[in-house]
1. Just to verify a result, which residue in the stretch 268-295, among those that are in contact with an Asp or Glu (Cβ under 7 Å, 6 or more places away or on another chain) and not polar (S, T, N, Q), is nearest to residue 135 (Cα to Cα)?
2. Of the numbered conditions (1) exposed (fewer than 15 other Cβ atoms within 10 Å of the Cβ); (2) among the hydroxyl-bearing types (Ser, Thr, Tyr); (3) assigned to a helix (DSSP H, G or I), residue 194 satisfies every one except a single condition; which is it?
3. Which residue pairs have Cβ atoms under 8 Å apart, sit 6 or more places apart or on different chains, and have a first residue in the stretch 126-143 that is at positive phi and a second that is in a helix (DSSP H, G or I) and of a type in the set (Ser, Thr, Tyr)?
4. Go through the stretch 203-297 and tell me which helices (runs of 4 or more DSSP H), entirely inside it, have 2 or more residues that are within 30 Å of residue 173 (Cα to Cα).
5. Assess whether residue 306 counts as being touching a residue at least 60 places away in the same chain (Cβ under 8 Å), surrounded by 20 or more Cβ atoms within 10 Å (Cβ to Cβ) and more than 21 Å from residue 146 (Cα to Cα).
6. Restricting the search to the stretch 164-181, which residues are of a type in the set (S, T, N, Q) and surrounded by fewer than 18 Cβ atoms within 10 Å (Cβ to Cβ)?
Amino acid sequence: MDSAKAKTKTAAKVAPKGAKGGGGAKPKGAAGGGKKNDLLSRFETVKLKDMVVFSRQFSAMIGSGVAMLRTLTIISEQCENEKLKVILTDVRNQVEAGSNLSDAMAKHPETFDRLYVSMVKAGETGGILDAVMKRVAEFMEARQKLTDKVKSAMAYPVVALVVAIIVFWAMLTFILPVFQGIFEGMGGDLPEFTMMLINLSKLMRSPWMILFVAACAGAWWGFKQWTATPAGRFAFDGFLLRMPVFGDVIKKVAVARFTRTFGTLIHSGVPMLTSLDVVKETAGNAVLSKGVEEIHKEVRQGGTLSKPMSKNPLFPPMVVQMVAVGEETGKLDEMLDKVADFYDDEVENSVEALTSVLEPILVIGVGGIVGSVVVGMYLPIFTIINQLK
């Protein structure tokens with residue numbers, strides 16, 4: 001452990017060979033292309049995939065004995081994301097000036113959150129930075145995989161709903177007015193259902209529609225402002241967890257994220273209380289954050305993790321028991337990883353089951369929306385034919 005620690009500290013201080021004019025000179029974008037990169041970086045975002053690639057490259061190069069400054073120089077030069085390139089260049093410059101890697105990363109919280117910085121700091125302290133960075137990459141990949149599963153499963157229902165709304169709006173706005181003129185030319189009384197659709201079409205083409213859209217936008221803005229407050233966020237997250245069907249999936253996602261994050265931090269050597277602080281900030285759910293805060297208070301007073309968890313309905317009994325076993329055996333990180341793997345699979349199965357139920361409902365719903373407009377357009381034709389007979 002001592003030799004590994006010395007190796008990491010040496011790598012952090014030794015500048016790349018030929019740093020003054022050789023291959024390890026200033027990274028691209030530091031001079032002539034700097035303004036261009038800064039301009040492009042304003043319109044780009046650092047995606048999770050970019051962070052995974054960076055973490056894996058950094059781990060591989062540091063583990064191979066490449067000096068830290070040279071590693072940062074090489075990765076920043078070949079980085080395709082302009083925003084991340086600018087950030088890595090700044091991190092490299094700070095490390096060259098004598099800062100720790102974790103301190104340099106902490107100055108860019110929009111890219112390196114507290115979870116990332118805490119793990120890097122633990123790796124620096126323990127002299128196992130390469131192993132920790134590999135662990136960070138694996139954690140991010142697992143989180144990305146879970147997020148992609150949920151998004152891909154919910155993509156079809158969302159697209160189907162949006163298409164149904166667009167089709168309904170187009171038929172009422174453009175097609176029904178044409179039929180209205182034909183109906184008026186034929187004479188006779190129109191069915192009540194058709195008149196309702198015509199009145200709805202007129203409303204959608206009137207100035208009142210602009211006011212309605214503005215009111216919806218104002219309501220959405222007010223909702224976002226409310227959920228930005230601690231009380232609003234807590235109330236809304238609690239409502240999501242109590243929702244029928246969807247609430248169970250959201251609960252499983254929250255538990256999977258908690259156990260994965262907590263287990264990764266513990267395995268990386270981050271102290272227990274610090275890990276709980278980080279998990280509380282990155283939980284993604286205010287109700288879960290409140291529960292983690294109660295756990296933090298218990299542990300700070302010398303208690304166990306499993307006791308306050310057993311009092312919180314958000315944590316299933318299986319999770320509590322696994323954590324208790326992990327505390328007793330000294331293998332808490334392994335138990336948390338197993339729980340995270342289990343709930344990742346549970347989330348995937350639940351989302352697939354939910355999608356299989358939603359698909360036929362949406363098909364019926366879309367068909368009903370479009371069919372109602374078609375029926376409303378053809379009812380007058382049948383009525384007029386009966387009147388002529």
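The values are calculated or read from the model by the stated rules, or taken from the named source; none is laboratory data. Predicted model, so just to flag it, every value in this text is computed and none were measured. Here the Cβ positions follow ideal geometry from the backbone for every residue, glycine too, while neighbour counts run over all protein chains shown.
1. Ranking the qualifying residues of the stretch 268-295, first place goes to 280.
2. Failed condition: (1).
3. 127/8
4. Numbers: elements: 208-227, 230-242, 246-267, 272-281.
Result: 208-227.
5. Values: touching a residue at least 60 places away in the same chain (Cβ under 8 Å): no; surrounded by 20 or more Cβ atoms within 10 Å (Cβ to Cβ): yes; more than 21 Å from residue 146 (Cα to Cα): yes.
Criteria not met by residue 306.
6. 173
Every residue, every condition in (1) crowded, with 17+ Cβ neighbours inside 10 Å; (2) without any contact (Cβ under 8 Å) to a residue 12 or more places away in the chain, yes or no:
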{"position": "218", "(1), (2)": "no, yes"}
{"position": "222", "(1), (2)": "no, yes"}
{"position": "234", "(1), (2)": "no, no"}
{"position": "260", "(1), (2)": "yes, no"}
{"position": "267", "(1), (2)": "yes, no"}
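Residue by residue, here is whether (1) in contact with a helix residue (DSSP H, G or I) (Cβ under 7 Å, 6 or more places away or on another chain); (2) outside the structural domain of residue 265 (by TED's automatic domain parsing); (3) under 26 Å from residue 266 (Cβ atoms); (4) of a type in the set (S, T, N, Q) holds:
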position	(1), (2), (3), (4)
51	yes, yes, yes, no
62	yes, yes, yes, no
75	yes, yes, no, no
84	yes, yes, no, no
99	no, yes, no, yes
102	yes, yes, yes, yes
108	yes, yes, yes, no
